[in-house]
1. For the range 37-51, does any single residue satisfy the condition of being assigned to a helix (DSSP H, G or I), at pLDDT 80 or above and more than 23 Å from the chain's Cα centre (by Cα)?
2. Kindly indicate whether LYS61 is modelled with pLDDT of 75 or more and either part of a helix (DSSP H, G or I) or of a type in the set (Ser, Thr, Tyr) (or both).
3. Take ASP27 and decide whether it is surrounded by 10 or more Cβ atoms within 10 Å (Cβ to Cβ), modelled with pLDDT of 75 or more, out of contact with any strand residue (DSSP E or B) (no Cβ under 9 Å at 6 or more places or on another chain) and not hydrophobic (A, V, I, L, M, F, W, C).
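The values are calculated or read from the model by the stated rules, or taken from the named source; none is laboratory data. Being a predicted model, the structure only gives us computed values, none of them experimental. Every residue, glycine among them, receives a Cβ derived from its backbone with ideal geometry; neighbour counts consider all protein chains shown.
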Amino acid sequence: MTTLTSRKTKLSWHQVLQAVQELSPQDQRRLRDELAKSAGVYLARPTGSVAAVRRGRRLAKVVQAELVVTANDSLNETMIRLRGRSWSS
């Protein structure tokens, strides 16, 4: 039986290291490569300024236009086109 809690589970660095060491060498390399891709990614709260809202709406229209163009493609075809073959491997 699974127990669900509303508290976030915090893992220690030791638990993470142990879990990674249990992976095969190939999976460890794949994990390292994926982490390297996201090293420069961070989230920031939007400013809420008029210019930021205008820019967000403009970008949303661009994304909506891309989705209309690719409406006939499958998710895999779209992701391969946008991100390359690494999406499906």
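1. Yes; the residues of the range 37-51 include at least one that is assigned to a helix (DSSP H, G or I), at pLDDT 80 or above and more than 23 Å from the chain's Cα centre (by Cα).
2. yes
3. So ASP27 fits the description; yes.
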